[in-house]
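One structure below.
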């Protein structure tokens with residue numbers, strides 16, 4: 001027996017083993033995924049060019065109706081009772097009352113316009129048209145012991161509905 005044919009057979013077997021790639025779980029999963037993507041691509045019709053496939057922007061939702069003050073709870077009413085600090089009775093305030101049917105109030109610095117409106121309607125049982133607010137910085141003043149500052153104040157100009165009025169003098173209207 002010659003050794004040459006045996007070595008040729010063994011070389012053939014080794015080359016056969018090298019020719020087949022090593023199959024692992026990862027490579028099987030990749031091959032299956034590629035095959036499924038290819039099948040899905042063939043099943044779908046041809047895509048239109050990108051320029052023609054641009055989507056139109058989504059339409060904006062319609063604007064909601066005018067915001068309203070949420071229903072008042074017991075907690076909200078206690079907050080509303082604190083929002084109005086004091087009425088402002090001055091020459092400028094009386095001119096605003098005569099000319100524009102407005103009333104001036106000193107309010108909390110963190111009070112919002114809807115809160116101010118709800119507080120005035122709750123306390124005085126009147127209809128409020130609109131509210132404008134003003135942030136007034138306190139003046140810096142010199143005193144004997146040094147420099148001080150007055151408090152910052154937020155004022156609210158409350159415009160009452162036609163025919164409504166508030167009287168702070170205590171007299172019956």
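The strands (runs of 3 or more DSSP E) located wholly in the stretch 131-172 that include 1 or more residues which are under 13 Å from residue 101 (Cβ atoms) occupy 153-160. Residues in the stretch 120-130 that are surrounded by 10 or more Cβ atoms within 10 Å (Cβ to Cβ) and either assigned to a loop (DSSP other than H, G, I, E, B) or in contact with a helix residue (DSSP H, G or I) (Cβ under 6 Å, 6 or more places away or on another chain) (or both): 122, 126, 127, 128. Residues of the stretch 77-93 that are out of contact with any helix residue (DSSP H, G or I) (no Cβ under 6 Å at 6 or more places or on another chain) and outside any loop (DSSP other than H, G, I, E, B): 77, 78, 79, 81, 82, 85, 86, 87, 91, 92, 93. For the stretch 87-119, a residue qualifies if it is surrounded by 13 or more Cβ atoms within 10 Å (Cβ to Cβ), free of Cβ contacts under 8 Å to residues at least 12 places away in the same chain and within 24 Å of the chain's Cα centre (by Cα), and exactly one does: 112. When residue 96 is tested against (1) outside any helix (DSSP H, G or I); (2) modelled with pLDDT of 65 or more, just one condition goes unmet, and that condition is (1).
The values are calculated or read from the model by the stated rules, or taken from the named source; none is laboratory data. Please read these numbers as outputs of a predicted model, since none were measured by experiment. Ideal geometry is used to build each Cβ from the backbone, glycine not excepted, and the neighbour counts take in all protein chains shown.
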